[in-house]
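Novice: Quick one: the structure is below, questions incoming.
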Amino acid sequence: MQLGFDYVLAVETGDDVQAARLASEVQQLPGLLPAIAELIVFPVTALSDDTDPCADSFALDEVGVIYLMAIREWATHAPAAAAPGIARTITHFVGQVLAEAPTDVVQALQALRNEQVERARAVAASVVALHR
């Protein structure tokens with residue numbers, strides 16, 4: 001997960017050398033990037049249990065579903081070429097929806113990466129504890 005986010009960050013910052021190195025290291029990158037997009041998009045677009053649904057919330061939910069379906073299809077049918085475009089799509093979403101300002105995309109992505117890595121570590125620790 002961390003390497004996938006690092007790839008997205010490398011694409012966002014224009015570090016082609018780092019992006020190429022990570023792409024060759026992370027062979028499951030075409031499958032990993034849609035999963036990263038899902039972690040970022042679903043919390044923003046999915047219907048919430050906290051508020052009463054309205055027409056706009058259903059539309060936003062459906063837009064999020066369509067967005068993620070398109071990314072998954074792209075990764076499935078053109079895995080070699082999809083990674084940079086999916087990374088740019090993720091960064092665009094973060095810049096337009098999650099970052100305080102378009103210039104804060106890198107900081108927002110780093111915060112998202114750190115949050116997901118901590119969650120993954122907690123899950124891994126729980127699994128290890130269960131098997132002891």
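The values are calculated or read from the model by the stated rules, or taken from the named source; none is laboratory data. It should be emphasised that the depicted structure is a prediction, and the values quoted were computed from it without experimental measurement. FYI the Cβ positions are ideal-geometry reconstructions off the backbone, even for glycines, and counts take in every protein chain you see. Note: areas computed on protein heavy atoms with side chains; ligands, DNA, RNA excluded. Shrake-Rupley method; radii C 1.70, N 1.55, O 1.52, S 1.80 Å.
Novice: Give me the accessible area per residue for the stretch 26-112, probe 1.4 Å, as a whole number in Å².
Specialist: Accessible surface, normalised per residue, equals 58 Å².
Novice: Each residue of the stretch 85-97 in order: what ³J(HN,Hα) in whole Hz does its phi give by Karplus 6.51 cos²θ - 1.76 cosθ + 1.60, θ = phi - 60°, with x for Gly and Pro?
Specialist: x, 5, 4, 5, 5, 4, 5, 5, 4, 4, x, 7, 10
Novice: Could I ask something else about it? Just the projected area, averaged over all directions, of the convex hull on the alpha carbon atoms of the chain: how many nm²?
Specialist: Mean projected area for the chain: 9.6 nm², to one decimal.
Novice: Rank Asp52, Asp16, Asp104 by mean-square fluctuation in a GNM of the chain with C-alpha springs under 10 angstrom and give only the top-ranked residue.
Specialist: Among Asp52, Asp16, Asp104, the largest mean-square fluctuation in the Gaussian network model of the chain belongs to Asp52.
Novice: Hey, any idea what % of the chain's accessible area is carbon plus sulfur with a 1.4 Å probe?
Specialist: That share works out to 58 percent.
Novice: Once the dipole of the chain is set up with Lys and Arg at +1 and Asp and Glu at -1 on Cβ about the Cα centre, which of Gln2, Ser57, Thr13 lies farthest towards its positive end?
Specialist: Gln2
Novice: Shifting gears a bit: When only the heavy atoms of the protein chains count and the probe is 1.4 Å, how do Ser48, Ser24 rank by accessible area, highest first?
Specialist: Heavy-atom accessible area, descending, gives Ser24, Ser48.
Novice: Any idea of Arg72's accessible area? Nearest 10 Å², probe 1.4 Å.
Specialist: 90
Novice: In addition: If one computes the Cα centroid of the stretch 9-47 and of the stretch 61-93, what distance in Å separates the two points?
Specialist: Value for the Cα centre distance between the two parts: 10 Å.
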